[in-house]
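One structure is given here, and the rest of the page talks about it.
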Amino acid sequence: MIKFDFETYVDKNILEEYKELVSRKEEVIEKFNNSRMIGWSKHIGKNNIDKINNTANYIKNNFDCLVVVGVGGSYLGSYAFSQTFKKYFKPHPFEVIYVGTTLSSKFLNDLLVELENKNYCINVISKTGKTMETKMIYNFLKDDLKKRYGEDKVKDHVVITTSDDGNELDNEPCIERFDIPQNIAGRYSFLTAAHLLPLATNFDIYEIVDGYYEGSNLIDEAFNYAGIRYLLFKHNKVVENYCIHEEHMLPFTEWLKQLFAETEGKDGKGILPMSTLYTRDLHSLGQFIQQGNKILFETFIRFKNSEIINYKSLDINSINNMVLDSVINAHSKGDTNILEITMDELSVRELSTLIYFFMLSAAFSGYLFEVNPFNHPGVDVYKEEVKNILEEIITF
Ligand code: PA5
């Protein structure tokens, strides 16, 4: 169960304005329903989930690890999800290595050393099949496989996830191929094979799917969140700080940053997302938040129940929550508006619901800001530059 509280720690005048903004709800929902890019709000279909699950089992039975090659919306969701549930100090049972976010020679050198004695499978994920970082690292790893097994065996180590638009990846030989539907933008593709296949190696994806669709019951909450953020922005609160208290959720905040920044940051508009881990960052950014430039508001993501472990016969999770309440009080006294999203517990099902909630809010927010929530023309500018440079010097 997910609860969203925007009334306790938001200025009264903004709450008054919110009553008027609610009149735009119908218009926003109508624009959303009329968009052709909301494939992610429809059911993925049992056959697709079964195919993903069977392929994950094949990978687990035949390889030592899975190397996911992708960037942005093609990896952040599954990376965020899997990291959130990783045990501290222990890897997941099946090893999944994410690459594609850096062209660092040190990283790629260390990667080859790490993979040297491992029989690995590549899952290359790119909706367009044209992203140069993904293309380069995929070909780099294919060269490694060629050296080890010979050219004709490379295909036995590759699973492809792309859009069936005839792009280069679409024509590559492989073990299995998955589609990222045309009507789903990268950052909204959590419930496609782009994220579910890497996750299926360590998670019950049927549970993820069930939890995800529970988010469709949160239309009112999603609009409230989008709406109040929009009004805070109008009151010059142009930065949103996502506050978490579980270090393993830091990648989840990276997913959030991408979702909202790519959705809203257009035409000179949008809220700049950032994140803090509490209590760690109370000893650094906390100073700015308490007494610095009042440009930001905070969104706390917390959960009520967690592991039961006591200290001096006190439940540590209750202590943690009391500390967070004090932080909220302190920041609120320092004139920071605060929103709170509370889950019952950090479970696979609830996090999946939360993902849908945030995607819905982001889309609604795009319509409130009057920008297209599903494109990213700014990212395309840099992609084009990189493509021009790399294509001059490399033949893939
Ligand atoms: O959300 C998006 O659309 C982007 O972040 C893309 O996912 C990212 O640029 C990677 O694109 P592609 O999957 O085409 O390689």
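The values are calculated or read from the model by the stated rules, or taken from the named source; none is laboratory data. None of these values were measured; they are calculated from a predicted model. Counting neighbours? That spans all protein chains shown, and the Cβs are built from the backbone with ideal geometry, glycine included. These area figures cover heavy atoms from the full protein model, side chains too; ligands, DNA and RNA do not enter into them. Shrake-Rupley method; radii C 1.70, N 1.55, O 1.52, S 1.80 Å.
The numbered conditions (1) assigned to a loop (DSSP other than H, G, I, E, B); (2) open to solvent by 20 Å² or more (accessible area, probe 1.4 Å); (3) on the phi < 0 side of the Ramachandran plot; (4) not basic (Lys, Arg) are all true for Glu340 except (1).
Residue pairs whose Cβ atoms lie under 8 Å apart, sitting 6 or more positions apart in sequence or on different chains, and linking a residue in segment 194-211 that is part of a loop (DSSP other than H, G, I, E, B) to a partner that is open to solvent by 10 Å² or more (accessible area, probe 1.4 Å) and among the basic types (Lys, Arg), are Thr201/Lys60. So for segment 255-264 (the condition being modelled with pLDDT of 95 or more and either at positive phi or assigned to a loop (DSSP other than H, G, I, E, B) (or both)), does at least one residue qualify? No, segment 255-264 contains no residue that is modelled with pLDDT of 95 or more and either at positive phi or assigned to a loop (DSSP other than H, G, I, E, B) (or both).
Residues checked against (1) closer than 26 Å to Tyr212 by Cβ; (2) open to solvent by 10 Å² or more (accessible area, probe 1.4 Å); (3) in a loop (DSSP other than H, G, I, E, B):
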| position | (1), (2), (3) |
| --- | --- |
| Lys106 | no, yes, no |
| Asp110 | no, yes, no |
| Val124 | yes, no, no |
| Thr134 | yes, no, no |
| Leu145 | no, no, no |
| Arg148 | no, yes, no |
| Ile160 | yes, no, no |
| Pro173 | no, yes, yes |
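All of (1) within 16 Å of the ligand (Cβ to nearest atom); (2) in contact with a strand residue (DSSP E or B) (Cβ under 6 Å, 6 or more places away or on another chain) hold for Met132 with one exception: (2). Quick check on segment 285-297. Is at least one of its residues within 30 Å of Lys87 (Cβ to Cβ), buried (at least 18 other Cβ atoms within 10 Å of the Cβ) and in contact with a Ser or Thr (Cβ under 7 Å, 6 or more places away or on another chain)? Scanning segment 285-297 turns up at least one residue that is within 30 Å of Lys87 (Cβ to Cβ), buried (at least 18 other Cβ atoms within 10 Å of the Cβ) and in contact with a Ser or Thr (Cβ under 7 Å, 6 or more places away or on another chain).
Before we move on, is Ile394 open to solvent by 20 Å² or more (accessible area, probe 1.4 Å) and either out of contact with any strand residue (DSSP E or B) (no Cβ under 7 Å at 6 or more places or on another chain) or at pLDDT below 95 (or both)?
Working: open to solvent by 20 Å² or more (accessible area, probe 1.4 Å): yes; either out of contact with any strand residue (DSSP E or B) (no Cβ under 7 Å at 6 or more places or on another chain) or at pLDDT below 95 (or both): yes.
Taking the combined requirement at face value, the residue satisfies it.
Asn47 passes every criterion in (1) farther than 24 Å from Leu218 by Cβ; (2) surrounded by 19 or more Cβ atoms within 10 Å (Cβ to Cβ) apart from (2). For segment 346-371, a residue qualifies if it is touching a Lys or Arg at 6+ places or on another chain (Cβ under 7 Å) and not in a helix (DSSP H, G or I), and the qualifying residues are Phe369, Val371. With respect to the conditions (1) loosely packed, with under 12 Cβ neighbours inside 10 Å; (2) closer than 24 Å to Asn183 by Cβ; (3) modelled with pLDDT under 95, Lys383 lacks only one, and its number is (1). Within segment 1-20, residues that are among the hydroxyl-bearing types (Ser, Thr, Tyr) have Cβ atoms under 7 Å from residues that are at pLDDT 95 or above and part of a helix (DSSP H, G or I) in these pairs: Tyr9/Ile328; Tyr9/Ser332; Tyr18/Gly227; Tyr18/Ile228; Tyr18/Leu231, counting only partners at least 6 apart in sequence or on another chain.
None of Ser189, Ser163 is under 19 Å from Phe252 (Cβ atoms) and within 16 Å of the ligand (Cβ to nearest atom) except Ser189. Any residue at all in segment 80-93 that's within 16 Å of the ligand (Cβ to nearest atom), open to solvent by less than 30 Å² (accessible area, probe 1.4 Å) and either in a helix (DSSP H, G or I) or farther than 28 Å from Lys387 by Cα (or both)? Yes, segment 80-93 has at least one match.
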